[in-house]
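Presented below is the structure to which this report refers.
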Amino acid sequence: MNKRDYQDKEEQRKIEEYKKKPMINFADSINRSKIGDLNNLTKQGWLSTIITIAIFIGIWFFLSR
């Protein structure tokens, strides 16, 4: 089985799962729109990563007081 066959089977499985439970796709879409996709944080350069970490530490420090 090559990579293309595996991707086709995986896509078909997801389509069947969405047909069985249509609210899964809707809930997943809502969650991603509200929270956002955090994968973009890992695809940044080193400067953006440092700034993001500093912001998270600042928020954590502010909330812990």
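Read-outs throughout are calculated quantities, based only on the coordinates presented, and are distinct from any laboratory measurement. All figures in this text were calculated on a predicted structure; none of them were measured in a lab. Quick reminder, even Gly has a Cβ in these numbers, built from the backbone with ideal geometry, and neighbours come from all protein chains shown.
Figures for the structure shown
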| read-out | value |
| --- | --- |
| Cβ-based net charge around Ile15, under 13 Å, with every Lys or Arg adding one and every Asp or Glu removing one | +1 |
| Simple label model, 7 Å out from Cα along Cβ direction - Glu11 to Met23, nm | 2.9 nm |
| Cβ-based exposure ranking for Ser64, Ser29, in which fewest neighbours within 10 Å come first | Ser64, Ser29 |
